[in-house]
Amino acid sequence: SSFNVLLLPGDGIGAEVAGEVEKIITWFSAQGIAKFELDRGLVGGSAYDAHGKAISEGDMAKAQAADAVIFGAVGGPKWDKVPYDVRPEAGLLRLRKDLGLFANLRPAICYPALADASSLKRDVVEGLDLLIVRELTGGVYFGEPKMITDLGNGQKRGVDTQVYDTFEIDRIARVAFELARTRRNKVSSAEKRNVMKTGVLWNEVVTRLHQESYKDVELEHVLADNCAMQLVRWPKQYDVIVTDNLFGDVLSDVAAMLTGSLGMLPSASLGATDVKTKRRKALYEPVHGSAPDIAGKGLANPIAMIASFGMALRYSFGLGDWADKVDQAIARVLAKGLRTKDIAQGSEKTIGTTEMGAAILAEL
Ligand code: NAI
Ligand code: MG
């Protein structure tokens, strides 16, 4: 089978870590494991420099046609003063919106070799493997009205509105149940039904969907604040956590710190599956940004980017066995003691971006 892949390296270390993934994609093609038609585009500050927009219409069209978009990172001090609607982040937001990427998947995996780099004790995090499924296109970040009004008498009022419709909750919950079936078969749904109407509806829709279509999956409801506490107390109780945009933003950052460095964390953003073509739009990116403090020095950890490509193998290319092999290659490289600067402890010897990329490819 052949897949169209659009590589958008972006800015700063985005370009450096994307280069390592490109080598792995080329290797997969050369091995005949899958055929990738690889195309490249510009996004973020580099796109702004080239044509005054955070992503061009041509590259948007390529993204629409791609089986998967592999995205590095955008931003940097060079573009801090560009107009708001063409700032680097606008490129990523446009991609998410136009591709309808409503499901954000953020795994938190703790590799045994790095368990001591976690903010928590080794026995709490060693072997951790959970997945946060965050609703990405609705909720309080997008709901109207959204404004600051002047009340006179020196007072102002800020207003954000949380809105969720049944179909939005239903489709994200489906993603969570389906993923749980491929993992340890458990879904924890986090909301605040005790104080929010959207929480009541969320609970209702998830419960009904479970009854109708996913009785084989274990479902628990957890209040989102309690979920934050449980993530720090005993995270291994979770398999798949499904939650809204705002709680998902916070809970996934909490989960991230269980695993060590930002340089280790991959993510996927998925759209709806087209009923005719069975294709689903998807974008894969590391959680980290463009890291201006280390950009251009060859120090960036490429693991988050490579693990993001691993997620593409699993969710876009039907190559779950190869996704497992990518994860195992990362685990073995870490077990051998190879470290980029961000994950090194004490006096451990460190290697650079290309050495780490090459070591993982060699394990594959
Ligand atoms: P950041 O994630 O770029 O960096 C935070 C810290 O983590 C820095 O010290 C950096 O050196 C380190 N770090 C991050 N990724 C690393 C890696 N792969 N290997 C080794 N060390 C790594 O976040 P920050 O500093 O808040 O933002 C920098 C720029 O990136 C800003 O312009 C921001 O807007 C943008 N950004 C872009 C994102 C994206 O493209 N999705 C996400 C977050 C920030
Ligand atoms: Mg966040």
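All of the numbers you see were taken from the coordinates with simple rules; none came from a lab. Keep in mind it's a predicted model, so treat the numbers as computed, not measured. Ideal geometry is used to build each Cβ from the backbone, glycine not excepted, and the neighbour counts take in all protein chains shown.
Tell me, which residue of segment 248-282 that is of a type in the set (A, V, I, L, M, F, W, C), crowded, with 17+ Cβ neighbours inside 10 Å and within 22 Å of residue 170 (Cβ to Cβ) is nearest to ligand 1 (Cβ to nearest atom)? Applying the filter and picking the extreme gives 268. Looking at segment 299-315, is at least one residue in contact with a Leu (Cβ under 7 Å, 6 or more places away or on another chain) and more than 16 Å from ligand 1 (Cβ to nearest atom)? Yes. Taking strands (runs of 3 or more DSSP E) as the structural unit, those lying wholly within segment 120-197 and holding at least 1 residues that are within 29 Å of residue 323 (Cβ to Cβ) correspond to 129-135, 186-191. Where strands (runs of 3 or more DSSP E) fall wholly inside segment 1-104, the ranges with 3 or more residues that are buried (at least 24 other Cβ atoms within 10 Å of the Cβ) and within 21 Å of the chain's Cα centre (by Cα) are 2-10, 68-73. Where strands (runs of 3 or more DSSP E) fall entirely within segment 202-289, those with at least 2 residues that are within 16 Å of ligand 2 (Cβ to nearest atom) are at 240-243, 266-273, 280-286.
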